[in-house]
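Colleague: Have a look at this one.
The values are calculated or read from the model by the stated rules, or taken from the named source; none is laboratory data. Quantities reported herein were computed from a predicted structural model and do not represent experimental measurements. Every residue, glycine as well, gets a Cβ built from its backbone with ideal geometry; the counts of neighbours run over all protein chains shown.
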Amino acid sequence: MSAAADDLLARVKAPGAVPRHVAIIMDGNGRWARERMLPRPIGHRNGMKSVRAVVEASIEAGVEVLSLFAFSQENWQRPAGEVSALMSLLEEYIQTEANELDEKGVRVVFLGDLDRLAERQRAAVDGVMAQTAHNGTLVLNLFISYGARAEITRAVRLIAEDVAAGRMTPAQVDEAAIAGRLFTAGCPDPDLLIRTSGEMRISNFLLWQLAYTELHISPVLWPDFGRRELFDAILDFHSRDRRFGRVSA
Ligand code: FPP
């Protein structure tokens, strides 16, 4: 590694300054492909390389949880050819990366309505989650067939069932009760949300969990996003004064 790259890593890892949980809305694969007059799935394939780069850089930086929005509930409505290309890519990602992720100590967790996956992808997803369940270097949350409103609705339904069955009273319904029934139960909220390709939207991602998260919008299209861009986002995060609704110290 060059001296400049070393210096960048040292600045990123300044004591107490690394976000514990980084979440990313990976956007711009289609535009990246269109700019090169390539089919959209080629953009997604190159986006997979960025996933690898960002996982490695997160480990280097000491991030504890990396959450990636890989496929939304709304994405099921894309043309069938693109959906099937994305699903094949997901399977390929698991096949080619599972052992290396395991060796690096990454715990892979899939979150979302996994029942909508086809049998092959469901088996691959369950397999890598079981294989890496004991790991603790980095938690890699991959959101697939995910929508935050559906996640909150599901949590409310689970609470209603508990109340109806007499397992809890209405007075016991508090923020912890809701947070504990989200897919992310037990996971710290994101400190930093990055969205690529310059779009300034949350797009139904982690609506509950992002309440006090710092936002970083990068103009870079996802297939061009890598170590350097992640570290720039963390350096930007260092400059934020997080008050959580209170006043500064
Ligand atoms: C958004 O770009 C990206 C997606 C809908 C898919 C994200 C998938 C990957 C990065 C590759 C696979 C990842 C894993 C973990 C296997 P877009 O298509 O909306 O781009 P556009 O807005 O430019 O059209």
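Colleague: Which ones in segment 121-131 are in contact (Cβ under 8 Å) with a residue 24 or more places away in the chain and away from the ligand (no atom under 14 Å from the Cβ)?
Modeller: Gly127, Gln131
Colleague: Counting just the residues of segment 53-96 that are hydroxyl-bearing (Ser, Thr, Tyr) and more than 11 Å from the ligand (Cβ to nearest atom), which one comes out nearest to Val139 (Cα to Cα)?
Modeller: Ser67
Colleague: Just the residues that are within 16 Å of the ligand (Cβ to nearest atom), touching a Leu at 6+ places or on another chain (Cβ under 8 Å) and among the β-branched types (Val, Ile, Thr), please, taken from segment 175-234.
Modeller: Ile194, Thr196, Ile202 - these are the residues of segment 175-234 that are within 16 Å of the ligand (Cβ to nearest atom), touching a Leu at 6+ places or on another chain (Cβ under 8 Å) and among the β-branched types (Val, Ile, Thr).
Colleague: Same structure, new question: Restricting to segment 20-48, name every residue that is more than 9 Å from the ligand (Cβ to nearest atom) and either modelled with pLDDT under 95 or out of contact with any Asp or Glu (no Cβ under 6 Å at 6 or more places or on another chain) (or both).
Modeller: Val22, Ala23, Ile24, Glu35, Arg36, Met37, Leu38, Pro39, Pro41, Ile42
Colleague: What do you reckon, is Gly16 among the small types (Gly, Ala, Ser) and within 11 Å of the ligand (Cβ to nearest atom)?
Modeller: no
Colleague: Can you give me the number of residues within segment 99-125 that are more than 17 Å from the chain's Cα centre (by Cα) and surrounded by 14 or more Cβ atoms within 10 Å (Cβ to Cβ)?
Modeller: Summing the residues that are more than 17 Å from the chain's Cα centre (by Cα) and surrounded by 14 or more Cβ atoms within 10 Å (Cβ to Cβ) in segment 99-125 gives 6.
Colleague: Can you tell me which of (1) more than 10 Å from the ligand (Cβ to nearest atom); (2) of a type in the set (Gly, Ala, Ser); (3) within 24 Å of Met129 (Cα to Cα) is the one Ala5 doesn't meet?
Modeller: Result: Ala5 fails condition (3) only.
Colleague: Can you run down the residue pairs with Cβ atoms below 9 Å, 6 or more apart or on separate chains, where the first is in segment 60-79 and within 18 Å of Ala148 (Cα to Cα) and among the aromatic types (Phe, Trp, Tyr) and the partner is more than 9 Å from the ligand (Cβ to nearest atom) and part of a loop (DSSP other than H, G, I, E, B)?
Modeller: Phe69/Ser203; Phe69/Phe205; Phe69/Leu206; Phe71/Gly112
Colleague: Also, quick follow-up: Write out, first by first residue and then by second, each pair whose Cβ atoms fall under 9 Å of each other, whose residues are 6+ apart or on separate chains, and whose first residue, in segment 85-112, is on the phi > 0 side of the Ramachandran plot while the second is among the aromatic types (Phe, Trp, Tyr) and within 12 Å of the ligand (Cβ to nearest atom).
Modeller: Between residues of segment 85-112 that are on the phi > 0 side of the Ramachandran plot and residues that are among the aromatic types (Phe, Trp, Tyr) and within 12 Å of the ligand (Cβ to nearest atom), the close pairs are Gly112/Phe71; Gly112/Phe143; Gly112/Tyr146.
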